[in-house]
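Okay, so here's the structure we're looking at.
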Amino acid sequence: MTCARKPTRSGLVALWTTALIAAVYADQAIGATSHAGAFVMGTVLDVTVVADDPALARRMAARAVDIAKYWDDVLTIWRPDGELFRLNAQAGRGDIEVSEDLRFALRLMLQLSEETLGAFDPAVGPLVRHYASSLGDRQLPPLPPLPRALSIHGSAVRLEAGATIDPGGIGKGIALDAIAKELRVADLSGAYLDFGGSSQFALGHDESGSPWRVAIGGISSGEILGSVALDGSLSTSRSRLPGDVSGPIVDPRTGAVVTATRLATCAADSGAAADAWSTALIVTGQAGLSRIEAQGITGLVRTPEGTYVTPTFERRMRRANPEADIARPGTSR
């Protein structure tokens, strides 16, 4: 997952595509359904809002985009005007005053790093960039974990020298949670937000009155494992090899790239938690599934050997192939 990353070639194509999206979506409402689109946080955000009042639908769709852009400004590490960019640049300089929102995001990162036993750790940013570069074939040792690299004192934050916080595994989820907070108190029939297919949020129902149904992909191109009726957040992560411009997923405990072929999908009330745990499951594999339901999260891990799923997610998922073999956490094939 990527938050506020420097646009790649494909990202620039998406940016051009988004200009077309904006032209089509601007002030468009079909009955009481309104759409908005923007290139933000390194990907395309697509927003659909359903309301009895078309003006409200338009206003909340535009508001969702504005909130995402705000959190991009807070969390970007690619633009000098980004608040987290400035904090990273001042690592090792003692206590730095930061905004309440950035402190909130950093506390959430610390909390989720603890809950995942360090399998999710935004302090591995330098390793991710190293492995995404031409030098990525040289393995580096692990970096100090987030709780040692980052500390919060009142309104100030201290980042140890050499440390860098990379919100790529949680940023879109934080933005979705902020958007969801406002959408839930508006008089809406439903809403659906999609951050490039990797982080999604749904509320209420679609324009036909049906639940928002989201496809669950697999590890092969075009593979669909099934679908779920979504009410809350959904996040999907997949392993990538060194040299991938998006940056591979690194095991914070060893400093090594996760080279096993894995896809993880998590559903949760919180977009940030879904993002963090889908990243953590790429690190831990199916062994991590035994922990997530205790955190109020459900999900699956897909590998070449099979699909492993938590009981609650299995009950929710409508399988594309009812005959497909699905294992529970802790079982073998």
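The values are calculated or read from the model by the stated rules, or taken from the named source; none is laboratory data. Just so we're clear, the structure is a prediction, and the values are computed from it rather than from any experiment. For neighbour counting, all protein chains shown are included, and Cβ atoms are generated from backbone atoms with ideal geometry for every residue, glycine included.
Please find, among 301, 283, 257, the residue that is at pLDDT 95 or above, crowded, with 18+ Cβ neighbours inside 10 Å, farther than 28 Å from residue 203 by Cα and not hydroxyl-bearing (Ser, Thr, Tyr).
Only one candidate passes the filter, namely 283.
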Exercise. Spot the failing condition for residue 125; the list is (1) in a loop (DSSP other than H, G, I, E, B); (2) surrounded by 19 or more Cβ atoms within 10 Å (Cβ to Cβ); (3) within 20 Å of the chain's Cα centre (by Cα), and only one is missed.
Key: (1)
Practice problem: Go through (1) assigned to a strand (DSSP E or B); (2) at pLDDT below 95 and name the single condition residue 39 misses. | Solution: (2)
Self-check item: In the stretch 80-92, the residues that are out of contact with any strand residue (DSSP E or B) (no Cβ under 8 Å at 6 or more places or on another chain) and either exposed (fewer than 11 other Cβ atoms within 10 Å of the Cβ) or in a strand (DSSP E or B) (or both)
Solution: 80, 81
Quiz item: Are there any pairs with C-beta distances below 7 angstrom linking a residue in the stretch 215-244 that is more than 22 Å from residue 284 (Cβ to Cβ) and in contact (Cβ under 8 Å) with a residue 40 or more places away in the chain to a residue that is small (Gly, Ala, Ser) and assigned to a loop (DSSP other than H, G, I, E, B), with the two at least 6 apart or on different chains, and if so which?
Solution: 224/218; 224/320; 226/320; 243/136
Quiz prompt | Selected residue (criterion: nearest to residue 172 (Cα to Cα)) from residues of the stretch 45-76 that are not in a helix (DSSP H, G or I) and not hydrophobic (A, V, I, L, M, F, W, C) | solution = 76
Quiz item: If a residue has to be in contact with an Asp or Glu (Cβ under 9 Å, 6 or more places away or on another chain), surrounded by fewer than 24 Cβ atoms within 10 Å (Cβ to Cβ), closer than 25 Å to residue 270 by Cα and at pLDDT 95 or above to count, how many in the stretch 150-173 make the cut?
Solution: 3
Self-check item: Subset of the stretch 298-322 (residues that are of a type in the set (Val, Ile, Thr) and under 17 Å from residue 229 (Cβ atoms))
Solution: 298, 309, 310, 312
